[in-house]
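Everything on this sheet refers to the single structure shown next.
Derivation of every value follows stated rules applied to the coordinates shown; laboratory data play no part. Worth saying up front: this structure is predicted, and the values here are computed from it rather than measured. Heads up, the Cβs are rebuilt from the backbone with ideal geometry, glycines too, and the neighbour counts pull from every protein chain shown.
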Amino acid sequence: MNLRWRTALNTILGLTGSIAIFCGTISIIVGTSATLIIWCGQKLKPQEETFAWVQASGMIIVLLGVTCTGINLSIIRYFSARQQRLLQEQKTIPLIPFSCKGCRNYHGQRYGQHFLVCGIHPYGVPEGESYCPDFEAIRNNLYS
């Protein structure tokens with residue numbers, strides 16, 4: 001998922017979660033207040049069922065808001081961890097040694113913790129040497 005879509009998804013889920021929590025909280029307050037008024041005064045007795053519905057829907061909306069916020073945080077954590085792994089992998093990939101550039105023996109693959117430069121010199125050119133005595137240039141098959 002590219003950065004633009006991920007940012008848009010985070011923004012939408014974050015706003016949805018916040019708005020749902022706010023609206024749900026208001027609904028719960030209205031429902032609870034109406035229940036107290038009905039209990040105290042009996043004037044809103046005909047709307048008792050409506051206020052009970054408002055209170056219950058408020059609780060569902062708050063639950064929806066908390067769920068959206070939790071999903072948003074999970075997505076942010078997932079992509080942050082993924083990005084950290086990618087950055088860590090980039091740091092551990094060694095550059096092609098100068099003396100190995102263009103050599104047909106160069107392998108350059110990682111096997112667990114070990115990096116294999118080539119079959120002749122698994123750890124690279126021996127120290128103190130500026131060039132590889134076993135260097136073989138890559139040839140283009142079209143002309144050889």
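What longest range of the chain stays clear of loop-exposed chymotrypsin sites (Phe, Trp or Tyr not before Pro) (DSSP non-H/G/I/E/B, at most 12 other C-beta within 10 angstrom)? The longest such stretch corresponds to 1-122.
Exposed loop positions in the chain were taken to be GluC sites (Glu not before Pro) whose DSSP state is not H, G, I, E or B and which have at most 14 other beta-carbon atoms within 10 angstrom. Between these positions, the longest stretch is 1-126.
In order along the range 53-62, the phi-based Karplus estimate (6.51 cos²θ - 1.76 cosθ + 1.60, θ = phi - 60°) of 3J(HN,Hα) comes to 5, 4, 5, 5, 5, x, 5, 5, 5, 4 Hz; Gly and Pro are listed as x. When you restrict to C-alpha pairs under 8 Å that are six or more residues apart and normalise by the size of the chain, the relative contact order lands at 20 percent.
May I ask you to list the trypsin sites (Lys or Arg not before Pro) in the range 95-128 that are in a DSSP loop and have at most 13 other Cβ atoms within 10 Å of their Cβ?
Numbers: sites: K101, R104, R110; in loops: K101, R104.
Answer in residue order: K101, R104.
In this label model, I60 and H114 are separated by 6.2 nm, measuring between points 7 Å along each Cα→Cβ vector.
Need one word for the range 94-139: rounded, prolate or oblate. Basis is the Cα gyration tensor (sqrt eigenvalues a ≥ b ≥ c); a/c below 1.5 gives rounded, then a/b vs b/c decides.
Oblate, because a/c is 1.5 or more while a/b does not exceed b/c.
Cβ-Cβ distance of A137 and L95, R₀ of 22 Å, FRET efficiency by 1/(1 + (r/R0)^6): the value works out to about 0.65. Mind checking which of T25, G102, F135 is farthest towards the positive end of the chain's charge dipole, using Cβ charges of +1 (Lys, Arg) and -1 (Asp, Glu) about the Cα centre? The residue sitting most towards the positive pole is T25. When only the Cβ of Lys, Arg, Asp and Glu is charged (+1, +1, -1, -1), the dipole of the range 94-139 relative to its Cα centre reaches about 240 debye. Overall, the chain carries a charge dipole of about 260 debye about its Cα centre when +1 sits on the Cβ of Lys and Arg and -1 on the Cβ of Asp and Glu, all other atoms neutral. Each of L87 and T67 was given a label point 7 Å from its Cα along the Cα-to-Cβ line. The distance between the two points is 3.4 nm. Computed from the C-beta positions of L15 and R77 and an R0 of 22 Å, the FRET efficiency is 0.75 to the nearest 0.05.
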